[in-house]
Amino acid sequence: MSLKVLHVLDHSIPLHSGYTFRTLSLLREQRKLGWQTVHVTSPKHTTPSAPEETVDGWHFYRTPAAAPGPLDKLPALGSVAQMLALMKQLERRLLEVAQREKPDLLHAHSPVLDAIPALRVGRQLGIPVVYEVRAFWEDAAVDHGTTTEGSPRYRLTRRLETHALKRADHVFTICEGLRSDIVARGIASAKVTVIPNAVDIDGFELGGQADPALKAKLGLDGATVLGFIGSFYAYEGLDLLLAAMPALLQQRPDLRVLLVGGGPQDAALKAQAAALGIADKVVFTGRVPHAEVNRYYDLVDLLAYPRHSMRLTELVTPLKPLEAMAQGRLFVASDVGGHKELVRDGETGFLFKAGSAEALATAVQQTLARQADWPRIRQQARQFVETERNWRNSVARYPAAYRSVLREPARAALV
């Protein structure tokens, strides 16, 4: 008998995000264990959408949204009524799929608007429900500027999260920072398991040589390149990177910043570069096809992850530093909690004081001056992800927790 797990997801491929990449990695490893996985996405995925969709060989049940247009900015939704409507839509769709697929287990993933419908359906059908927290929704809402910490909306969302955590049969999360916060809410420590962020080593090759044509096209010939590739959210701290550039240029006139991607901070960053008088030193490429991303990584001499300190970044570990390690790339990163949990300062990367443009500038200067150490650091970083932060190791933590909540004979499938 094969265990069947129904995963309840916020969104999925073909959308590209850290969320979708983590999801695929987890599903691949679960299937290697011989389990069947079924997948339902929330109304936030995309609309309009077919009731079912197969993408790159992965089959998804979709939940149609009530209103047209993408619902990928849920923290900005304006009313409790909208939240309730989304949860009700997902609950109806999940009930249909669960009755059809007859899973042994419901596995809901962040945000909490996926967990509540899963708990209701699980209770109705007598199916165990586990909840995997990748970030707290109330903290994401703070970063999007739709609420403030301690506001009535924040407190309401936090209570909703805690409600789901207490009623789930087991809780998973991605890092120790989140685990500590969950336990502090009164959840038994034995009920919480960390499934760490990791990388698929086979999917990453060591960085290659820069493409001369692309480098010339972007005006980077003869430059030392500081880079960031990803989404431009406020918490990423890209404003700090630009703020550090005037001082850096005094010491290293050849420095350029390469920003690949886009997002809510795009216009603000361009305006900041112009105000600082460094617009000609910063290259904005816009979003690039996923298949082309490595070509842009190969242009970068030193990556920068200058995340600002806030609850979200202090508690949550990102994927980007691990992906950089897997590719043998050098980076500097702010010393927020999420980074400190991943990065061994001076061994696998370099940390600097969060929020300080001066500390960032110093870290960049010192790292560029230590090029003799780069081969050693690259090797240590690659070894760290190969031996500790790979998805096989992470997913190996699921069976014991699943076994603790499954009914017979489903539990026998895990023996």
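The values are calculated or read from the model by the stated rules, or taken from the named source; none is laboratory data. Given the structure is predicted, the values throughout are model-derived calculations rather than measurements. Cβ sites come from the backbone with ideal geometry, for glycine too, and all protein chains shown count toward neighbours.
Answer yes or no as to whether residue 392 is out of contact with any strand residue (DSSP E or B) (no Cβ under 8 Å at 6 or more places or on another chain) and surrounded by fewer than 17 Cβ atoms within 10 Å (Cβ to Cβ).
Here the answer is yes, as residue 392 does meet what is asked.
Test residue 168 against the criterion of being in the same structural domain as residue 111 (by TED's automatic domain parsing), more than 22 Å from residue 318 (Cβ to Cβ), modelled with pLDDT of 95 or more and buried (at least 20 other Cβ atoms within 10 Å of the Cβ), and give yes or no.
yes
Looking at (1) touching a strand residue (DSSP E or B) at 6+ places or on another chain (Cβ under 9 Å); (2) surrounded by 13 or more Cβ atoms within 10 Å (Cβ to Cβ); (3) in a helix (DSSP H, G or I), find the lone condition where residue 355 falls short.
Condition not satisfied by residue 355: (3).
Within region 28-60, how many residues are outside any strand (DSSP E or B) and surrounded by 20 or more Cβ atoms within 10 Å (Cβ to Cβ)?
So the count comes out to 7.
For region 308-325, check the following and say yes or no: at least one residue is in a loop (DSSP other than H, G, I, E, B), modelled with pLDDT of 95 or more, closer than 19 Å to residue 261 by Cβ and not polar (S, T, N, Q).
yes
Checking the condition among the aliphatic types (A, V, I, L, M), assigned by TED's automatic domain parsing to the domain that holds residue 377 and touching a strand residue (DSSP E or B) at 6+ places or on another chain (Cβ under 7 Å), which residue from 249, 319, 206 passes?
On the way: 319 fails: touching a strand residue (DSSP E or B) at 6+ places or on another chain (Cβ under 7 Å); 206 fails: touching a strand residue (DSSP E or B) at 6+ places or on another chain (Cβ under 7 Å).
Unique residue meeting the criteria: 249.
Sort out which residues of region 195-222 are under 20 Å from residue 274 (Cα atoms) and crowded, with 16+ Cβ neighbours inside 10 Å, and write them in order of number.
218, 220
Could you count how many residues in region 363-387 are surrounded by fewer than 12 Cβ atoms within 10 Å (Cβ to Cβ) and either touching a residue at least 40 places away in the same chain (Cβ under 8 Å) or closer than 19 Å to residue 196 by Cα (or both)?
Number of matching residues: 1.
Kindly provide the set of residues from region 254-280 that are of a type in the set (Asp, Glu), exposed (fewer than 14 other Cβ atoms within 10 Å of the Cβ) and either assigned to a helix (DSSP H, G or I) or within 23 Å of the chain's Cα centre (by Cα) (or both), ordered by number. Lay out the reasoning, then the answer.
Within region 254-280, the subset of a type in the set (Asp, Glu) is 254, 266, 280.
Adding the requirement that they be exposed (fewer than 14 other Cβ atoms within 10 Å of the Cβ) leaves 254, 280.
The one that is of a type in the set (Asp, Glu), exposed (fewer than 14 other Cβ atoms within 10 Å of the Cβ) and either assigned to a helix (DSSP H, G or I) or within 23 Å of the chain's Cα centre (by Cα) (or both): 280.
Condition first: at pLDDT below 95 and among the charged types (D, E, K, R). Can you find one or more residues in region 269-277 that meet it?
no
Filter region 1-44 for residues that are of a type in the set (Gly, Ala, Ser) and in contact with a helix residue (DSSP H, G or I) (Cβ under 9 Å, 6 or more places away or on another chain) and give the result.
If the condition is that a residue be of a type in the set (Gly, Ala, Ser) and in contact with a helix residue (DSSP H, G or I) (Cβ under 9 Å, 6 or more places away or on another chain), then 2, 12, 18, 25, 34, 42 are the ones that fit.
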